[in-house]
Amino acid sequence: MIDHEKVEQAVRLLLEGIGEDVNREGLIDTPDRIARMYEEIYGGMEEDAATHLSRTFTVDSSEMVVEKDITFYSTCEHHLLPFYGKVHIGYIPDGKVVGLSKLARTVEVFARRLQLQEQLTGQIADALMEHMQAKGAIVMIEAEHMCMTMRGIKKPGSQTVTLARRGVFETDPALEERFFRMLER
């Protein structure tokens, strides 16, 4: 749970630390605004993907399901700067599917935390395997990291791409190839 009071104190200290006057008109309410924003953008820390993935529907098919271009925003745990992009999810059901919005909600559960893209990719794939008992899951994330864009190397537009394969996607290259072909459509 976000400790609103501690966040406000920390923001005041940060503002003072960079030489700002915390009592000037434009900054007076900033600590409260930041604390409320953190409750929203880090709300995934209090959520469990099982909540979204536990409502399933029985199907006879075990054909691949793909949900692509799921927009996400997250925060790099190293620099506390945003990274954002698209998540592409594929899974092979084992008699059960979830509503498509539940895949996007699962992305949000993990993205709304301090995060590493590599970890985020694996967490989404692992949640599909654990909570849906899918035969296989594959997750690809393409993201731009503000820590590479606005500081350090300063390379706007560069994309980091990560991939996590679980279950049958680890052993069947044809399935992985089909996933990538489906993303091209």
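The values are calculated or read from the model by the stated rules, or taken from the named source; none is laboratory data. Please read all numbers here as calculations on a predicted model, not as lab measurements. Here the Cβ is made from the backbone with ideal geometry for all residues, glycine too, and neighbour counts use every protein chain on show. Note: accessible area is taken over every heavy atom of the protein model, side chains too, but ligands, DNA and RNA are not part of it. Shrake-Rupley method; radii C 1.70, N 1.55, O 1.52, S 1.80 Å.
GNM, the chain, Cα, under 10 Å: largest mean-square fluctuation among Glu40, Glu108, Glu25?
Glu25
How would you rank 124-133, 14-23, 44-53, highest first, on the average number of other Cβ atoms within 10 Å across their residues? Spell out each step's value before the answer.
Details: 124-133: 20.3, 14-23: 11.2, 44-53: 16.5.
Listed from highest to lowest mean packing, they are 124-133, 44-53, 14-23.
What's the Cα-based Rg to Rh of the stretch 2-41, Rh via Kirkwood? Present the calculation step by step, with values, prior to reporting the outcome.
Numbers: Rg = 9.8 Å, Rh = 10.1 Å.
Rg/Rh: 0.97.
If you average 1/r over every pair of different alpha-carbon atoms in the stretch 44-104 and take one over that average, what Kirkwood value in Å do you get? It would help to have the intermediate numbers written out before the result.
Details: mean 1/r = 0.0741 Å⁻¹.
The answer is 13.5 Å.
Could you provide, to the nearest whole Å², the per residue accessible area of the chain with probe 1.4 Å?
Accessible area per residue, the chain: 57 Å².
Please identify which residues in the stretch 85-102 have an amide N closer than 17 Å to a label point set 7 Å out from the Cα of Thr58, following the Cα→Cβ vector.
93-99
How large a share of the accessible area of the stretch 54-181, in percent, is made up of carbon and sulfur atoms when the probe is 1.4 Å and the other protein chains stay in place? Numbers along the way, then the final one.
Working: 3270 of 6360 Å².
That share works out to 51 percent.
Regarding the chain, what's the average projected area of the Cα-atom convex hull, expressed in nm²? Walk me through the numbers on the way to the answer.
Working: hull surface 49.3 nm².
Directional mean of the projected Cα hull area for the chain stands at 12.3 nm².
To the nearest 0.05, what FRET efficiency results for Glu118 and Lys154 with a Förster distance of 25 Å applied to their C-beta separation?
Efficiency, from the Cβ-Cβ distance: 0.65.
Convex hull over the alpha-carbon atoms of the stretch 1-106: what's its volume per residue in Å³? Write down the numbers at each step before the final one.
Numbers: hull volume 12.8 nm³, N = 106.
With only Cα atoms used, the stretch 1-106 gives 121 Å³ per residue.
State the Cα centre-to-centre distance between the stretch 11-52 and the stretch 118-155 in whole Å.
25
Hey, could you pull the Cα Rg and Dmax for the stretch 131-181, both in Å?
Rg then Dmax for the stretch 131-181, in Å: 15.4, 42.
Which of Gly157, Met132, Tyr73 sits farthest toward the positive end of the charge dipole of the chain, with +1 on the Cβ of Lys and Arg and -1 on the Cβ of Asp and Glu?
Of the candidates, Gly157 comes out farthest on the positive side.
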